[in-house]
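What follows is one structure encoded as structure tokens, with my remarks underneath.
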Amino acid sequence: IEIVVKSTAGNPYFMEELVRLLIDDGIIRQEGDRWLVEEERLAVVRVPASLEGVLQARLGGLTVSERELIRHAAIIGTVFWDEAAGHVSGQPGGASAAQTLQDLAGREMVFRRQRSSFNCAGEYIFKHSMLRDTAYQSIPRRERRALHARAAGWLAAQYDGNGREGERAGQIAINFDLAGEAPAALDWYIRAA
């Protein structure tokens, strides 16, 4: 406990993520109804000095498919959809995206919302905007434009003529803007206004 308190300077989110990292790494483990600390492993572990470092370590501990999906979800925004993340990943259909997101929810990185803006997709939210930002920053800049274009295209298609564009117009506009598609971004910014 001392290492957690000293390392995090009392920041509750930092504490929670550091404990989650130690659980992910098997240093803290549950046996029945008891939690055990592998003290010999704890003595040699290098604890990241910042919350961002802990979040990067947690993301780095994911499987390749989990890491890619969470990065692609970060492109969409803090709120995102399984079908959209699958589309951005180039794997439409969402079944594998939904399962991967369920696994990420089990690791408390994302949460599934009870209701979705879209009937065709499960809606999720990142646990914290800092986690979303850290995942987003891990995407090479040269790849971001194309990914934002895919996200914007999927989102815009969901509102095609249904009259509910205002619900996510700002999110669509931002994605078109970051994709470098100024005319489409302007159209959606106007709708958002």
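A few notes on this one:
- When the chain is treated as a Gaussian network with alpha carbon springs shorter than 10 Å, the biggest mean-square fluctuation among 32, 86, 122 belongs to 32.
- For residue 110, distant residues with modelled amide H under 5 Å away: 105, 127
- Residue with peak Gaussian network fluctuation, the chain [Cα springs, cutoff 10 Å], from 102, 56, 30: 30
- For region 54-60, 3J(HN,Hα) per residue [Karplus equation, 6.51 cos²θ - 1.76 cosθ + 1.60, θ = phi - 60°, Hz, x = Gly/Pro]: 5, 5, 4, 5, 5, 5, x
- When the helices of the chain are scored as -39500 (n - 2.57) per DSSP H run of n ≥ 4 and the total is divided over every residue, the value at 222 nm lands at -17500 deg cm²/dmol.
- Translational diffusion coefficient (Stokes-Einstein; Kirkwood radius from C-alpha pairs) of region 1-111 at 37 °C, 0.692 mPa s, in µm²/s: 215
- Extension gain, residue 105 to residue 157, is 16.1 nm, computed as 0.36 nm per intervening residue step minus the present C-alpha separation.
- Pairwise label distance in nanometres, residue 9 with residue 42, each label 7 Å out on the Cα-Cβ vector: 2.3
- Couplings for region 68-81, taken from phi via the Karplus curve 6.51 cos²θ - 1.76 cosθ + 1.60 with θ = phi - 60°, read 5, 5, 5, 5, 5, 5, 4, 4, 5, x, 5, 9, 8, 10 Hz in order; Gly and Pro are left as x.
- Convex hull volume per residue for the chain, taking Cα atoms only, in Å³: 138
- Proximity of backbone amide H atoms, modeled 1.01 Å from N, is registered between residue 81 and 124 at under 5 Å, excluding neighbours fewer than 5 places apart on the same chain.
- The chain: angle of helix 95-106 to the longest principal axis, Cα-based, in degrees nearest 10: 40
- ³J(HN,Hα), Karplus 6.51/-1.76/1.60, whole Hz, each residue of region 120-126, x for Gly, Pro: 8, 8, x, 9, 10, 9, 5
- The stretch between residue 96 and residue 115, if pulled fully straight at 0.36 nm per residue, gains 4.8 nm over its current Cα-Cα span.
Where a number appears in this text, it was derived from the coordinates with a stated rule and is not lab data. Values in this document were obtained by computation on a predicted structure and should not be read as measured data. We place every Cβ from the backbone using ideal geometry, glycine too, and count neighbours over all the protein chains shown.
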